[in-house]
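Undergrad: Supplied in structure tokens, the structure appears directly below.
The values are calculated or read from the model by the stated rules, or taken from the named source; none is laboratory data. What you are looking at is a predicted structure, and each value in this text was computed from that prediction instead of being measured. No Cβ is skipped: glycine too gets one built from the backbone with ideal geometry, and neighbour counts run over all protein chains shown. Protein only, heavy atoms only, side chains kept; ligands, DNA and RNA dropped before computing areas. Shrake-Rupley method; radii C 1.70, N 1.55, O 1.52, S 1.80 Å.
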Amino acid sequence: MDGEELTEQETALYDRQIRVWGVDAQRRLSKAHILVSGMKGTVVEFCKNIVLAGVGSLTLVDDRLVTEEALSANFLIPADESVYDGKSIAELCCDSLKDFNPMVRVSVERGDLTSFGGDFYNKFDVVVVSCCSLAAKKLINEKCRKLSKRVAFYTVDCRDSCGEIFVDLQNYAYSKKKLDETVECRLQYPSFEEAIAVPWRALPRKVSKLYFAMRVIERFEQVEGRNPGETSIADLPGVLKLRKELCEAHSLNESQIPDALLERLVTATREFPPVCAVIGGILGQEVIKAISCKGEPLKNFFFFDAMDGKGIIEDITKPVHLKPSSFGERGVISL
């Protein structure tokens, strides 16, 4: 992402944000290439934000056709059905995003991300996936990690009034302001597979209940062979049974994963647009940080629940030394 300077046209168009985060950050953004898969409400909010910020290119992957559910939270899909003409959701979103900022190259890629090789992922600086199975998240993350260059990897999921973001920046260096000086910092991130493999009993007592609940739902969908979000109230007994099994295996009290929370996640699988805006905004902010290498990024999970209006950052990382105090850190953001 180093090299070329901003053009005169870019400098004029992005003048206001250059005043906020500087010319170097905007230059990095304008040279960044982002891949996004799963054009649901939260991802659509992210795409809008990142296109307006002025990234170099955005590639969309979502071969699904438009459904009533897709229309409920995706404002990029035109209301006029006559323009659909067999187009995929990604293609319709692509047409709309180009109108937001003509200077950003927006394109569509067809196919299953899990079948693409390293050469494909090597074209990007950031990969964001949504609506992915547990196996797909692990596989795509691993493909990004095997590349010779660092590719930032994110997963994002939103169910009704709850949302989760996972971040893997691998070995990441950044700068931040401390009093009157700029300090260089470095963070080491685990992969998605490594993070969720940390034993639950080893985590701090106050880890977000959403973390555990999302893992239960994720595992249930995997065991049952379901696509993400393909659950209903009829599945609740099976989900509660799996929770019991997982809690016993991890020596965790079942009260850490309330029945009411699991019921919400199982039954209310559609996205809630106001929550999409919050999660998509946070994700956009984090990706801009990762590209610009300015500001402290979140590590490595972010959770939001509209029921209490709080955003919670959880550092779920396997420690080098097995000391209780070494497991993760926690931050709460009131939104």
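Undergrad: Out of the residues in the range 1-33 that are basic (Lys, Arg) and under 22 Å from the mean Cα position of the chain (by Cα), which is farthest from LYS177 (Cα to Cα)? Give the derivation first.
TA: At the first step, the residues of the range 1-33 found to be basic (Lys, Arg) are 16, 19, 27-28, 31.
Next, from what is left, pick out any that are under 22 Å from the mean Cα position of the chain (by Cα): 28, 31.
Details: ARG28: 19, LYS31: 24 Å.
So the residue we want is LYS31.
Undergrad: Filter the range 75-93 for residues that are assigned to a helix (DSSP H, G or I) and open to solvent by 10 Å² or more (accessible area, probe 1.4 Å); which is modelled with the highest pLDDT? Talk me through it step by step, then tell me what you get.
TA: Within the range 75-93, the subset assigned to a helix (DSSP H, G or I) is 81-83, 89-93.
Next, only the ones that are open to solvent by 10 Å² or more (accessible area, probe 1.4 Å) stay: 81-83, 91.
Values: GLU81: 86, SER82: 83, VAL83: 86, GLU91: 96.
So, considering only residues that are assigned to a helix (DSSP H, G or I) and open to solvent by 10 Å² or more (accessible area, probe 1.4 Å), the one modelled with the highest pLDDT is GLU91.
Undergrad: Report yes if CYS247 is touching a helix residue (DSSP H, G or I) at 6+ places or on another chain (Cβ under 7 Å), under 20 Å from TYR154 (Cβ atoms) and either not in a helix (DSSP H, G or I) or not β-branched (Val, Ile, Thr) (or both), otherwise no.
TA: Working: touching a helix residue (DSSP H, G or I) at 6+ places or on another chain (Cβ under 7 Å): yes; under 20 Å from TYR154 (Cβ atoms): no; either not in a helix (DSSP H, G or I) or not β-branched (Val, Ile, Thr) (or both): yes.
Here the answer is no, as CYS247 does not meet what is asked.
Undergrad: Suppose we keep only residues that are within 22 Å of GLU230 (Cα to Cα) and not in a helix (DSSP H, G or I) within the range 257-293. Which one would you say is most open to solvent (accessible area, probe 1.4 Å)?
TA: Out of the qualifying residues, it is ARG270.
Undergrad: Given the conditions (1) at positive phi; (2) more than 20 Å from the chain's Cα centre (by Cα), report the number of the one that ASP160 does not fulfil.
TA: (2)
Undergrad: Consider the range 148-173. How many of its residues are out of contact with any Phe, Trp or Tyr (no Cβ under 6 Å at 6 or more places or on another chain), farther than 25 Å from THR231 by Cβ and open to solvent by 10 Å² or more (accessible area, probe 1.4 Å)?
TA: Summing the residues that are out of contact with any Phe, Trp or Tyr (no Cβ under 6 Å at 6 or more places or on another chain), farther than 25 Å from THR231 by Cβ and open to solvent by 10 Å² or more (accessible area, probe 1.4 Å) in the range 148-173 gives 5.
Undergrad: Which one of the conditions (1) open to solvent by less than 70 Å² (accessible area, probe 1.4 Å); (2) small (Gly, Ala, Ser); (3) not in a helix (DSSP H, G or I) does SER72 fail to meet, given that it meets all the rest?
TA: Exception for SER72: condition (3).
Undergrad: Which of the residues spanning the range 184-199 are open to solvent by 10 Å² or more (accessible area, probe 1.4 Å) and over 28 Å from PHE124 (Cα atoms)?
TA: Within the range 184-199, PRO199 is the sole residue that qualifies.
Undergrad: When you scan the range 294-335, how many residues do you find that are at pLDDT 85 or above, surrounded by fewer than 19 Cβ atoms within 10 Å (Cβ to Cβ) and closer than 29 Å to GLN26 by Cβ?
TA: The number of residues fulfilling the criteria is 2.
Undergrad: Moving on. Check off (1) more than 22 Å from THR155 (Cβ to Cβ); (2) touching a strand residue (DSSP E or B) at 6+ places or on another chain (Cβ under 7 Å) for VAL61 and give me the number that stays unchecked.
TA: VAL61 satisfies every listed condition except (1).
Undergrad: Can you tell me which residues in the range 200-222 are more than 18 Å from THR269 (Cα to Cα) and either β-branched (Val, Ile, Thr) or open to solvent by 20 Å² or more (accessible area, probe 1.4 Å) (or both)?
TA: Of everything in the range 200-222, those that are more than 18 Å from THR269 (Cα to Cα) and either β-branched (Val, Ile, Thr) or open to solvent by 20 Å² or more (accessible area, probe 1.4 Å) (or both) turn out to be ARG201, ALA202, PRO204, ARG205, LYS206, VAL207.
Undergrad: Tell me which of these ILE34 doesn't satisfy, since it passes every other one: (1) at pLDDT 95 or above; (2) surrounded by fewer than 20 Cβ atoms within 10 Å (Cβ to Cβ).
TA: So the condition that ILE34 fails would be (2).
Undergrad: Taking ARG28, is it in contact with a helix residue (DSSP H, G or I) (Cβ under 6 Å, 6 or more places away or on another chain), in a helix (DSSP H, G or I) and touching a residue at least 24 places away in the same chain (Cβ under 8 Å)?
TA: On the way: in contact with a helix residue (DSSP H, G or I) (Cβ under 6 Å, 6 or more places away or on another chain): yes; in a helix (DSSP H, G or I): yes; touching a residue at least 24 places away in the same chain (Cβ under 8 Å): yes.
In short, yes.
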